[in-house]
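Undergrad: Please see the structure below; I have some questions.
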């Protein structure tokens, strides 16, 4: 009997960084990844629309018999997670914000934490709120870094352009006087792990960088283990679904997954 897969969804291909981390943490699991590419970006939509889209994506993945669901999108996690958990009770549902906030609180010695993300995620304040709820002494500074998304999708995540943009955004927050600067930085967008080299060059070697993709994968592994749902043998697989342009999904997604994706691997679906 074939084991049930884990469902993962995002508005596009950024969530493939989460899938990459999940496959590293859970190498025996099968995954079904849904990129809602016809309706991206979620960040420009109203909260009500994002919640509706997220619920539709989650319900679509239920049709594949998933045993767990990972919301690999910061906007959908901040807005849609409550709606999904309200409707879906029989499988675990994990977003990217809670694990990232927990890891940031644990990593920071001073409690001074920086968050970079898209404009919508920063404006909604989900990371800021989650961090302060977990650590009451925290001081959180948040900065939208929208250009990072375009750099990742265009394959310009390394080199002088990426490093220049990273310095532009981060130098004002991470000053030479480390006593007044955050000691921890949360990558609050699934695109941003692609730019970690440029980000590290901008903030210096002492700042702790929290990758929400990696922390989400770790949380998923621990949760599945506690609930007795984790596979312990066999070679895992990944299945890809997109709501528009399988060719673009394959071309761009391969950069995020760090392996080629053949368009024939991607199934076009309608939500």
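A short reminder: the numbers here are calculations on the coordinates, not readings from a lab. A quick note: this is a predicted structure, and the numbers were derived from the prediction, not measured. Cβ sites come from the backbone with ideal geometry, for glycine too, and all protein chains shown count toward neighbours.
Undergrad: Would you mind ranking 96, 66, 32 so that the residue whose beta carbon has the fewest other beta carbons within 10 Å leads the list? It would help to have the intermediate numbers written out before the result.
TA: Working: 96 33, 66 20, 32 24.
Ranked by crowding around the Cβ, least crowded first: 66, 32, 96.
Undergrad: Let me ask something else about it. If neighbour count is taken as other Cβ atoms inside 10 Å, put 141, 165 in order from fewest to most. List each step's numbers first, then the result.
TA: Details: 141 15, 165 21.
Exposure proxy ranking, most exposed first: 141, 165.
Undergrad: What angle, in degrees between 0 and 90 and rounded to the nearest 10, separates the Cα long axis of helix 47-62 from the longest principal axis of the Cα atoms of the chain?
TA: The answer is roughly 40 degrees.
Undergrad: With a ≥ b ≥ c the root eigenvalues of the C-alpha gyration tensor of region 6-141, is it rounded (a/c under 1.5), prolate (a/b larger than b/c) or oblate?
TA: It is prolate, given that a/c is not under 1.5 and a/b is the larger ratio.
Undergrad: If you consider only alpha-carbon coordinates, what radius of gyration and Dmax does region 98-212 have, in Å?
TA: Expressed in Å, the Cα Rg and Dmax of region 98-212 come to 13.1, 39.
Undergrad: If each DSSP helix of 4+ residues adds -39,500 (n - 2.57) and the sum is divided by the residues in the chain, what number results at 222 nm, nearest 500 deg cm²/dmol?
TA: Working: 11 runs with 119 residues, N = 271.
That calculation yields -13000 deg cm²/dmol at 222 nm.
Undergrad: How many nm is it between the label spots at residue 229 and residue 106, if each spot is 7 Å from the Cα in line with the beta carbon?
TA: 2.0 nm
Undergrad: Please report 262, 36, 90 as a ranked list, fewest other C-beta atoms within 10 angstrom at the top and most at the bottom.
TA: 90, 262, 36
Undergrad: Let me ask you something else. Using alpha-carbon pairs under 8 Å, 6+ residues apart, how would you state the relative contact order of region 98-212 in percent?
TA: RCO, region 98-212: 35 percent.
Undergrad: In 10 Å bins starting at 0, how do the alpha-carbon pair distances of the chain split up by percent?
TA: Taking every Cα pair in the chain, the percentages come to 7, 31, 37, 20, 5, 0.
Undergrad: Right, something else. Note down the nm distance, to one decimal, between modelled labels 7 Å out along Cα→Cβ at residue 267 and at residue 150.
TA: With each label point 7 Å from Cα toward Cβ, the separation is 3.6 nm.
Undergrad: Roughly how tilted is helix 212-226, in degrees to the nearest 10 and between 0 and 90, from the longest Cα axis of the chain?
TA: In the chain, helix 212-226 runs at an angle near 50 degrees to the longest axis.
Undergrad: Then there's this: Apply the Debye scattering formula to region 175-258, with a single equal point scatterer on each alpha-carbon and no solvent, then give log10 I(q)/I(0) at q = 0.17, 0.25, 0.26 Å⁻¹.
TA: With one equal scatterer per Cα and no solvent, log10 I(q)/I(0) is -0.94, -1.20, -1.23.
Undergrad: Further, regarding this structure: May I ask you to compute the full-extension gain from residue 179 to residue 3, defined as 0.36 nm times their residue separation minus their alpha-carbon distance, rounded to one decimal in nm? Walk me through the numbers before you get to the answer.
TA: Values: separation 176, 0.36 × 176 = 63.36 nm, distance 5.09 nm.
Full extension from residue 179 to residue 3 adds 58.3 nm.
Undergrad: Just grab the label-to-label distance for residue 86 and residue 133, each label 7 Å out from Cα along the Cβ direction, in nm (one decimal).
TA: The answer from the label model is 1.5 nm.
Undergrad: I'd like the distance separating the alpha-carbon centroids of region 202-218 and region 3-22, in whole Å.
TA: Result: 19 Å between the Cα centres.
Undergrad: With an 8 Å Cα cut-off and a minimum separation of 6 or more residues, compute the relative contact order for the chain in percent.
TA: On the way: 528 pairs, mean separation 72.0, N = 271.
Averaging sequence separation for qualifying contacts and normalising by length gives 27 percent for the chain.
Undergrad: Given the C-alpha centroids of region 68-93 and region 115-155, what is the distance between them in whole angstrom?
TA: Spelled out, the Cα-based centre of one part sits 19 Å from the other.
Undergrad: Here's another thing I want to ask about it. In degrees, nearest 10, range 0 to 90: what is the angle between the Cα axis of helix 74-87 and the longest Cα principal axis of the chain?
TA: Here the helix axis deviates by roughly 40 degrees.
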